[in-house]
Structures are given as C-alpha cells and as structure tokens.
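The block underneath contains the structure these notes are about, expressed in structure tokens.
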Amino acid sequence: MSFSLDKVVPWGRSFDEYVAMFALEPADLRRRILGCGDGPAAFNAVANRAGGGVVSVDPMYEFSGAQIKQRIDDVFDGVLAETERNKDEFVWQHIKSVRELGSMRKAAMDEFLSDYDSGLKEYRYVAGELPSLAFMDHTFELALCSHFLFLYSELFDLQFHIDSINELCRVAEEVRIFPLTELGARPSRHLKQTFDACMQAGLHPRIVTVNYEFQKGANRMLCLGKQ
Ligand SMILES: C[S@@+](CC[C@H](N)C(=O)[O-])C[C@H]1O[C@@H](n2cnc3c(N)ncnc32)[C@H](O)[C@@H]1O
C-alpha cells in the first residue's frame, strides 16, 4: 500500500451523524456493518460499546494511533479556518458555528483515538482501500461509506466509483453511500453515470433523502442491494 498520511486530512464524524446520514434504525445497528473509509470517525467505537458489530476499513489504519493523532493535530486548525472561509457552503442549523463544529469533530476523533488500539487488536479497524477489499463475498449485511465516494469526484474518476461500488456490493448485502455531492457543494459529476452503471449491473440503486444536511444540498444517500 502506498498511502501517505501527510496527504490526507483526517476528519471524523460522530456516531449520531452516521445514524442521521444513513437513516440507521435500531435494527440496522444490530447488523454486521462495514464502515468503509471511516478514518477517525466515532461510529465504530460507539457502536461497539453498545454491543454492535462494526468493522471499519481505511488505508489510514496502517498507521499507529500516535501518528494519526499527530496528523489530526497538524491539520485541525487549518480545516476550521478553511470552513470559516467557505461558510456559505454549509447549513448552520444543527451545528451553529465553526467553533461548535470544531468541538464536535474533536470529541468524535478523541472517541476514535481512545478506541483505536483495542479495535486494532479485535480486527475492528482494518487497513485496506477501495477499489479492492480483502473480505469474502457477503461478509457484511450492510456497508456504509461516508464522505469518501462522490465527495472526492475530482480526484477519483468514474471507473474508480463504479469499481468501488461493485466491490462494496460484493462484500455486503446492502450498501449506503453519503453524500452525493462533491467538494464545493456541487452534485457529484459522476453520480448519473455511476447510477446508470449500477442499474445495468443489477445492483438496484436508489436515491433516498435523509434527515441530515450540513454541506448545502447534501441530504441524499445512494442505496444499493435488494430491499
Ligand atoms: C473525509 S474522511 C471521512 C471519514 C469518515 N467516513 C467520516 O465521515 O467522518 C475520508 C476518508 O477516506 C479514506 N480513504 C482515502 N482513500 C481511500 C480508499 N481508496 N478507500 C477507502 N477509504 C479511503 C481516508 O483515509 C479518510 O479517512
């Protein structure tokens, strides 16, 4: 793997945000879940504490907790300053200010960091990256991918998106991806063609509106798999 930590901006969301972004019901949280590209999010830590079975996969997990923490500390103020500059791209309703955003993200990433070493030993944090995952077919009942696919449409091309979604559908019975916008709060340039390719491949794609919107216009997820 040639993943470089200094090229990535670790930024992790809370458990409650995952529940809202993916419209997770209590029954969903009892399923075998893969969190793909979870990075320093708190979802795995909190779900695990509540008895859930979440495995997170991310190229970042080849690094130690101390290395990831150092990188978070290095970029934290810069990300908030960038958010302040692009304030108009966000809905400041649930999260009221950049300062509150900082506290929320910090709390989520601290939650991740305090769980990381035990999670590595329990194989709940596994180093790996799309478009190829080292899991057997249908290992998971549900795969979630937050703020990676579609968001970085400028960096990852259409074929990467199609291959990655096929891979997620291979390892999980159902897949949910959020958001469908790319950086700059624009609809992803790859969404329509990815959707059509998924339709042709018989992956049963559907777009579902959810009760979460922080990046303006980002309130829809792509669901795949038989209902
Ligand atoms: C913006 S963060 C999102 C973190 C988390 N999902 C959340 O919503 O809080 C994007 C994550 O994607 C991960 N990533 C980068 N390349 C990846 C790949 N090829 N496959 C899976 N994850 C990748 C990064 O390491 C990073 O943790």
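Local charge sum around Met136 (other residues, Cβ-Cβ under 14 Å, Lys/Arg +1, Asp/Glu -1)?
Working: positive: Arg32, Arg170; negative: Asp137, Glu141, Glu167, Glu173.
Overall, the nearby charge balance is -2.
Report, in deg cm²/dmol and to the nearest 500, the calculated mean residue ellipticity at 222 nm for the chain, where each DSSP H run with n ≥ 4 adds -39500 (n - 2.57) and the sum is divided by the residue count. Please report the intermediate quantities before stating the final value.
Working: 6 runs with 83 residues, N = 227.
Calculated mean residue ellipticity at 222 nm is -12000 deg cm²/dmol.
Average the reciprocal distances over every distinct pair of alpha-carbons in the range 45-108, invert the result, and give the Kirkwood radius in Å.
By the Kirkwood definition, the hydrodynamic radius is 14.1 Å.
Would you work out the relative contact order for the chain, in percent, from Cα pairs under 8 angstrom that are 6 or more residues apart? Each step should come with its number before you reach the end.
Working: 394 pairs, mean separation 52.8, N = 227.
Once divided by the residue count of the chain, the mean separation gives 23 percent.
Which shape class, rounded, prolate or oblate, goes with the range 73-129 when its Cα gyration tensor gives a ≥ b ≥ c as root eigenvalues, a/c under 1.5 marks rounded, and past that a/b bigger than b/c marks prolate? Please list the in-between numbers first.
Details: a/c = 2.61, a/b = 2.34, b/c = 1.12.
Because a/c hits 1.5 or more and a/b exceeds b/c, the range 73-129 counts as prolate.
Would you list which lysines come within 25 Å of Lys121, measuring only between C-alpha atoms, while excluding same-chain residues fewer than 8 positions from it?
Lys69, Lys106
The range 162-227: which trypsin sites (Lys or Arg not before Pro) are DSSP loop and have at most 15 other beta-carbon atoms within 10 angstrom? Could you put the intermediate results ahead of the total?
Details: sites: Arg170, Arg176, Arg189, Lys192, Arg206, Lys216, Arg220, Lys226; in loops: Arg189, Lys216, Lys226.
Passing both the DSSP loop test and the Cβ count: Arg189, Lys216, Lys226.
With only alpha-carbon atoms counted, please give the Rg and Dmax of the chain, in Å.
16.5, 45
Given the options Arg124, Arg13, Arg99, which has the most mean-square fluctuation in a GNM of the chain, springs set between C-alpha atoms less than 10 angstrom apart?
Of the options given, Arg99 has the highest mean-square fluctuation.
Which chymotrypsin sites (Phe, Trp or Tyr not before Pro) from the range 51-135 combine a DSSP loop assignment with at most 10 other Cβ atoms within 10 Å? Don't skip to the end; give the middle numbers.
Working: sites: Tyr61, Phe63, Phe76, Phe90, Trp92, Phe112, Tyr116, Tyr123, Tyr125, Phe135; in loops: Phe63, Trp92, Tyr123, Phe135.
The qualifying sites are Tyr123.
Quick check: residue separation of Lys121 and Lys226 times 0.36 nm, minus the Cα distance between them. What number comes out in nm?
Difference between extended and current length: 34.5 nm.
At most 14 other Cβ atoms within 10 Å and a DSSP loop assignment: could you name the GluC sites (Glu not before Pro) in the range 60-133 that fit?
Taking the range 60-133 and a limit of 14 other Cβ atoms within 10 Å, the loop GluC sites (Glu not before Pro) found are Glu122.
Each value in this text was obtained by applying a stated rule to the coordinates, not by laboratory testing. Worth saying up front: this structure is predicted, and the values here are computed from it rather than measured. With ideal geometry, Cβ positions are generated from the backbone for all residues, glycine too; neighbour counts draw on all protein chains shown.
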